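The values are calculated or read from the model by the stated rules, or taken from the named source; none is laboratory data. Just so it is clear, the model here is predicted, and its values are computed rather than measured. For neighbour counting, all protein chains shown are included, and Cβ atoms are generated from backbone atoms with ideal geometry for every residue, glycine included. What goes into the accessible areas is simple: the full protein's heavy atoms, side chains included, and nothing from ligands, DNA or RNA. Shrake-Rupley method; radii C 1.70, N 1.55, O 1.52, S 1.80 Å.
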Amino acid sequence: EEEEAEVGWQEKLFSQFEVDLYQNESACQTPLDWQYHEEIQKLEKAGGRKNCRIFTYTDHDRFTNLEELCQKVTDSDHEVPSYLVERMANVRRRRQDRRPIEASSLKTKIITWEPSEEFIKNNHVINTPVQTMYIMGDLGPYGKLGHREYENVLCTIKVDGNGVITVKPDFTGTKGPYRIELDGEKREVWEYTIDNASAQVQPEEEEREQRVFRDLYGRHRDYLSGLVGSDFEMPLPGTLRLFVNGEIVSAQGYEYDNLYVHFFLELPNQWSSSPFEQLSGVTQTCATKTVGWDNVAYFCYPFTVEMFYTQEDEDSLPQWPVLYFEVLSLDVWERYRVEGYGSLVLPASPGVHMLTIPTWRPVELGTVAEMRRFFIGGSPELEDLTYVRIPSTFKGKHLSRFGFQTETTGSVTFRLYCLQQSKAFLENSALKQRMQSVLDRLGGFSQQSSVYNVLEAFQRARRRMQEARESLPQDLISTSPSAV
């Protein structure tokens with residue numbers, strides 16, 4: 001049994017159930033029902049409807065309203081609608097008659113102090129109005145058409161206010177037909193295809209449309225170019241500009257609550273920044289929450305730094321700026337305790353970097369120091385934060401920390417977005433034969449890291465060879481070459 005029908009947008013094809021229903025005047029209540037009653041009478045006089053199993057529900061039919069109300073939010077079989085879902089069920093995306101707001105009314109009535117219930121329903125969701133149409137199939141047994149339980153949705157078509165057409169499922173095309181298997185004794189299987197029967201656009205109209213699009217895009221590009229401009233400040237030759245958009249994300253694993261972080265950035269030689277650039281900062285005090293086994297304080301504190309590197313020596317690798325920080329805790333008496341010190345070398349490669357830096361703090365032996373730390377907030381602390389790495393005042397060859405007692409504490413997580421700007425990047429492709437200045441110096445860190453990776457891999461391979469040698473029987477190892 002086959003049937004083919006060509007359906008237009010919002011074209012009404014009556015089903016057998018609707019023909020039987022709207023023929024009776026007692027079933028007609030709304031103006032739409034009476035309109036369908038007259039159309040069905042005209043169809044009967046003209047010889048009956050041409051379609052048999054294929055029919056449609058338009059945007060104004062009751063089925064469309066019920067289908068919108070019955071749509072599930074999740075894929076659970078036992079879904080319980082929430083309060084918001086029940087309230088949203090009455091908010092229709094279609095035929096929202098909103099009058100354009102005049103400029104004068106905006107000045108006088110910005111806030112509606114006593115909104116009506118209809119106003120709340122219409123303005124609860126701001127979205128694009130949508131018109132819907134359903135192409136249905138009456139898949140009942142032969143001779144028993146007109147039963148609601150055999151109606152199946154073959155295709156759903158939606159058109160929003162922006163002119164976007166959504167067809168679900170998609171046009172068949174080169175794919176196989178869609179299948180619908182009925183639940184019954186005979187387990188009937190129906191196959192159907194959906195084809196686009198619209199008239200193709202003429203080449204002249206398509207070219208005119210493309211021309212309009214090109215003009216529109218061209219005007220929009222000129223508008224954006226006018227906003228952005230074309231004059232970009234470039235650093236001087238031999239100079240690198242480094243932007244760092246950073247974020248102190250969190251601190252975890254510390255002993256006390258109510259944490260905050262104090263940090264500053266140290267610029268090595270050949271690095272500089274603007275006099276108005278802020279190279280230090282303090283986060284807000286943040287209470288911790290339990291995540292797994294750790295107490296975590298989420299700061300989400302952003303900071304931005306702009307620095308310049310000027311190359312002076314051709315043979316030396318540049319030293320990158322270092323971010324020093326200390327984590328402190330605050331008690332109820334507004335006394336602070338040092339929880340840990342740490343340092344972070346800014347990444348040499350541009351991009352996004354997520355780094356977790358462990359910290360430590362100096363300690364004193366004995367219970368008196370811990371009691372003093374607990375009760376009055378006093379704890380040993382560094383006079384110079386650069387002592388976390390190599391102090392800036394150190395000029396010798398050997399730095400001894402013998403006798404300096406520390407304790408490992410928690411860690412701080414940073415998220416860094418690094419951007420680099422230099423003329424050497426532009427000259428890289430044109431001057432490949434010439435020794436590059438800034439770019440080679442920047443690549444030194446990546447070269448060093450690759451050398452370290454090779455050495456580390458060699459050490460791992462050597463350890464595996466030693467372990468394999470130790471696991472061999474001794475008689476194989478001690479066998480002489482002549483015996484072999």
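Numerical summary
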| item | result |
| --- | --- |
| Condition met for Ser392 (in contact with a helix residue (DSSP H, G or I) (Cβ under 7 Å, 6 or more places away or on another chain), of a type outside the set (Lys, Arg) and under 19 Å from Asp331 (Cα atoms)) | no |
| Extreme residue, surrounded by the most Cβ atoms within 10 Å (Cβ to Cβ), among residues of the range 294-328 that are of a type in the set (Ser, Thr, Tyr) and modelled with pLDDT of 90 or more | Tyr324 |
| Every residue from the range 361-389 that is open to solvent by 30 Å² or more (accessible area, probe 1.4 Å) and closer than 29 Å to Leu242 by Cα | Asp384, Tyr387, Arg389 |
| Of all residues in the range 232-241 being touching a Ser or Thr at 6+ places or on another chain (Cβ under 7 Å) and not in a strand (DSSP E or B), the one that is farthest from Gln421 (Cα to Cα) | Gly238 |
| Criterion (basic (Lys, Arg), in the same structural domain as Asp257 (by the TED database) and in contact (Cβ under 8 Å) with a residue 12 or more places away in the chain) met by exactly one of Arg372, Arg337 | Arg337 |
| Every residue from the range 271-286 that is at pLDDT 90 or above, open to solvent by less than 70 Å² (accessible area, probe 1.4 Å) and either touching a Ser or Thr at 6+ places or on another chain (Cβ under 8 Å) or not in a strand (DSSP E or B) (or both) | Thr283 |
| Looking only at the range 181-229, and only at residues there that are assigned to a helix (DSSP H, G or I) and among the β-branched types (Val, Ile, Thr), the one that is farthest from Glu6 (Cα to Cα) | Val228 |
| Residues located in the range 242-264, provided they are assigned to a strand (DSSP E or B) and either open to solvent by less than 20 Å² (accessible area, probe 1.4 Å) or in contact with a Lys or Arg (Cβ under 8 Å, 6 or more places away or on another chain) (or both) | Leu242, Val244, Gly246, Glu247, Ile248, Val249, Ser250, Ala251, Leu259, Val261, Phe263 |
| Single unsatisfied condition, Val291 versus (1) surrounded by fewer than 12 Cβ atoms within 10 Å (Cβ to Cβ); (2) over 30 Å from the mean Cα position of the chain (by Cα) | (2) |
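Condition check ((1) in contact with a strand residue (DSSP E or B) (Cβ under 8 Å, 6 or more places away or on another chain); (2) modelled with pLDDT of 90 or more; (3) surrounded by 14 or more Cβ atoms within 10 Å (Cβ to Cβ); (4) in the same structural domain as Pro141 (by the TED database)) across all residues:
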{"position": "Val19", "(1), (2), (3), (4)": "no, no, yes, yes"}
{"position": "Thr30", "(1), (2), (3), (4)": "no, no, no, yes"}
{"position": "Phe55", "(1), (2), (3), (4)": "yes, yes, yes, yes"}
{"position": "His60", "(1), (2), (3), (4)": "no, no, yes, yes"}
{"position": "Phe63", "(1), (2), (3), (4)": "yes, no, yes, yes"}
{"position": "His78", "(1), (2), (3), (4)": "no, no, no, no"}
{"position": "Glu86", "(1), (2), (3), (4)": "no, no, no, no"}
{"position": "Arg92", "(1), (2), (3), (4)": "no, no, yes, no"}
